[in-house]
């Protein structure tokens, strides 16, 4: 019995933590806000740095319960295929497969009701263990809303669109759009 317990506590964790994992390396997101919806349309890049084919489950978090989220699409841009998903409390869960030394880009588009504090979860990036190589964001603001403040200082504001470009991004807080 003691040998079995030893095997369970030593061997199984080694196998779990020794498995190859994808790297989340980049995101490019267009946000849009009007008086009804806060919309997100993002392209997320996942890299397989191993010499093995990897299929990995991805948990994509939301700031709100998924009942209030309208998921429009999850699409593998690299292989031109729709990705099925399931809802789990404040997240959606899906699987992607990536060939060795390859990158897969996934498009995720969703919207939620506009509120005073509109949140896009960034802190979960830390669960990947590495900063994003690059993050590009834009926020288009409809004339029906007035932005009070933003949690990230924009690099540029032109024609009702805020822009951010961040290299080696390891966010400590979520992206928040406060409206009046």
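Taken together, the values in this text are just the output of simple stated rules run on the coordinates, not laboratory data. From a predicted model like this one, the values you see are computed outputs, not experimental measurements. All Cβ positions, glycine included, derive from the backbone under ideal geometry; neighbour counts span all protein chains shown.
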Two-site label geometry, residue 126 and residue 95: point separation in nm, points 7 Å out along Cα→Cβ = 3.1 nm
Exposure-ranked with fewest Cβ neighbours within 10 Å first, 110, 170 stand as 170, 110
Three-way shape call for segment 25-77 based on the alpha-carbon gyration tensor, with the a/c threshold at 1.5 | prolate
Rg/Rh for segment 21-179: what does it come to with C-alpha atoms and Rh from Kirkwood?
-> 0.97
With Cα springs under 10 Å, the Gaussian network model of the chain assigns the largest mean-square fluctuation among 25, 40, 115 to 115
Note on the chain: contact order normalised by length, alpha-carbon pairs under 8 Å, 6 or more apart, percent, works out to 25 percent
C-alpha center-to-center spacing [segment 143-180, segment 110-126] in angstrom | 12 Å
Rel. contact order, % - alpha carbon contacts under 8 angstrom, at least six apart, segment 128-168 = 54 percent
Stretchable slack from residue 159 to residue 32, in nm (0.36 nm times residue separation minus alpha-carbon distance) = 44.4 nm
Go ahead and collect, in residue order, the members of segment 72-104 whose backbone nitrogen is under 15 Å from a label point 7 Å along the Cα-Cβ direction of residue 57.
-> 84-97
Enter the angle in degrees (range 0 to 90, nearest 10) between the Cα long axis of helix 2-17 and the first principal axis of the Cα atoms of the chain, meaning the one along which they spread out most.
-> 40 degrees
